[in-house]
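Below is one structure, written out as structure tokens, with a few remarks after it.
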């Protein structure tokens, strides 16, 4: 009989996978920095991160911005534009195809129960739900599909997506502009704190807006 893997074996496998992934990411960044097609490459990475693959985009963006500081805000603009294109595609999939192929699509990003919960939040919170998901460094696909599936207004969805992802990407550019080579270290140390603070601000604005509407 073969021996089953021990927890230490699985831990070693995970550590090796993470190390190899980090090495591949570093090679990708190095090639992108030196490439004349850098903007196309980072735009494609942003599109894929938003619509399909959970790429840790900050791990690519921050070193790239540090190496191309004269193009900080151009890089942010390209990344945001590609993300909005992906958001439009994701919305369209949710709007037109979720009923026909819902189980297959949803299984790629979440469970049916989680998606139903997201749909409920989308219906009750709309703009602010999309905004909160867009600000946080978490997969955006589920918000796209839910917005389309609930027939939420396209204009409101794109506005929330652009504002929230704009804060994320231009915020990184500002961080690199002022912190320089310390930006990556600062981001890693304060990533969770900043995300929670932004979510708290969004929640506060949403609550205040509800109070204003009820008057």
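The values are calculated or read from the model by the stated rules, or taken from the named source; none is laboratory data. Just so it is clear, the model here is predicted, and its values are computed rather than measured. No Cβ is skipped: glycine too gets one built from the backbone with ideal geometry, and neighbour counts run over all protein chains shown.
Collect the residues in the range 51-71 that are in a helix (DSSP H, G or I) and either surrounded by 20 or more Cβ atoms within 10 Å (Cβ to Cβ) or modelled with pLDDT under 85 (or both), keeping them in residue-number order.
Matches in the range 51-71: 51, 57, 58, 59, 60, 61, 62, 63, 64, 65.
Just need a number here: residues in the range 32-50 that are surrounded by 20 or more Cβ atoms within 10 Å (Cβ to Cβ) and under 17 Å from residue 165 (Cβ atoms).
Number satisfying all stated conditions: 7.
Scanning for something over 20 Å from residue 180 (Cα atoms) and without any contact (Cβ under 8 Å) to a residue 12 or more places away in the chain, does the range 40-47 turn up at least one residue?
yes
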